[in-house]
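Chemist: Would you mind keeping the following structure in view while I ask a few things?
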Amino acid sequence: MPKELLANEKEAIGFYISGHPLDRYGGEIRRFTTATCANCMEKGERAEVILAGVINAFVERPMKSGMGKIAYFSLEDQTGTIEFFVKSRKLEEFRDLLVRDEPMLVTGMVEAPWNEGDTARERLVFIDAKLLSKVRSDKSSLLDIKLNADVVSEDQIKALEKVLRNHTGACRTLLRMEIPKRSETVMDLGDDYKVAATDELLARIEQIFGARVAVLR
């Protein structure tokens, strides 16, 4: 799902209809996260957790001492949202990243329900953040493409070859041609078709064949 469409939906009505920005990162989420927004507090006080999500409602506030600023933001994934508190030193280090409207891998420490009475709420103390696109690029070594041999056309294969050659990089490409319920042929496309592990590459392949035919591992 094009991220521009999702961004427009979020801006116009406050939530996503066509999908979620994290949908494209299923593999990375399974590999690198340890919790979700819905269950992270169950890990226990002072537990360190890694979540994937999109940052919303980023707000900076001056410290009571007047010496610097702190910040708060909500992290949203497919299960819900959770609040993060950002200390002054971390804010200075990560501010430019935290204001970007892109899927992130965010590390935090579980804080016991903060405050008391009617103002008590759950939150995490921010530790670190990385763009999921960069995590994917840094950690992926294989592009795995699976196609239905019964329906794929010669023009589509030619278009795929052009896309792969236009996105050269270090990632090995594996092509699986499946005849449903009968057989599968697996081909390592070799050094000539090594690619860069990027969102743009996956989007181009989806434009040719549809969603979820290609996975980065």
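The values are calculated or read from the model by the stated rules, or taken from the named source; none is laboratory data. Please read all numbers here as calculations on a predicted model, not as lab measurements. When we count neighbours, we look across all protein chains shown, and the Cβ atoms used for this are built from the backbone with ideal geometry, even at glycine. Accessible surface areas use protein heavy atoms only, side chains included; no ligands, DNA or RNA. Shrake-Rupley method; radii C 1.70, N 1.55, O 1.52, S 1.80 Å.
Chemist: Are there any pairs, at least 6 apart or on different chains, whose C-beta atoms fall under 8 Å, with the first in region 35-47 and among the basic types (K, R) and the second assigned to a loop (DSSP other than H, G, I, E, B) and open to solvent by 40 Å² or more (accessible area, probe 1.4 Å), and if so, which?
Modeler: From residues that are among the basic types (K, R), the pairs are K43/T34.
Chemist: Another question, if that's okay. Inspect region 181-188 for any residue being surrounded by 17 or more Cβ atoms within 10 Å (Cβ to Cβ), at pLDDT 95 or above and under 27 Å from the mean Cα position of the chain (by Cα) and give the result as yes or no.
Modeler: Taking region 181-188 as the starting set, the residues that turn out to be surrounded by 17 or more Cβ atoms within 10 Å (Cβ to Cβ) are none.
No; the residues of region 181-188 include none that is surrounded by 17 or more Cβ atoms within 10 Å (Cβ to Cβ), at pLDDT 95 or above and under 27 Å from the mean Cα position of the chain (by Cα).
Chemist: Further question: Which residue is surrounded by the most Cβ atoms within 10 Å (Cβ to Cβ), if the candidates are limited to region 99-112 and must be over 14 Å from the mean Cα position of the chain (by Cα) and modelled with pLDDT of 95 or more?
Modeler: Within region 99-112, the first condition is being over 14 Å from the mean Cα position of the chain (by Cα), and the residues that meet it are 99, 108-112.
So of that shortlist, the ones also modelled with pLDDT of 95 or more come out as 99, 108-110.
Working: V99: 12, G108: 25, M109: 16, V110: 20.
Applying the filter and picking the extreme gives G108.
Chemist: Please work out if N166 is farther than 27 Å from T33 by Cα and at pLDDT below 95.
Modeler: Values: farther than 27 Å from T33 by Cα: yes; at pLDDT below 95: no.
No: the conditions fail for N166.
Chemist: State yes or no: is T119 in contact with a Gly (Cβ under 9 Å, 6 or more places away or on another chain), open to solvent by 40 Å² or more (accessible area, probe 1.4 Å) and modelled with pLDDT under 95? Explain how you work it out, then say what you get.
Modeler: Working: in contact with a Gly (Cβ under 9 Å, 6 or more places away or on another chain): no; open to solvent by 40 Å² or more (accessible area, probe 1.4 Å): yes; modelled with pLDDT under 95: yes.
Criteria not met by T119.
Chemist: E200: open to solvent by less than 80 Å² (accessible area, probe 1.4 Å) and charged (D, E, K, R), yes or no? Please lay out each step first, then the result.
Modeler: Values: open to solvent by less than 80 Å² (accessible area, probe 1.4 Å): no; charged (D, E, K, R): yes.
For E200, the condition - open to solvent by less than 80 Å² (accessible area, probe 1.4 Å) and charged (D, E, K, R) - is not met.
Chemist: Which condition breaks for S65 when tested against (1) in a loop (DSSP other than H, G, I, E, B); (2) open to solvent by 30 Å² or more (accessible area, probe 1.4 Å); (3) at pLDDT 95 or above?
Modeler: (3)
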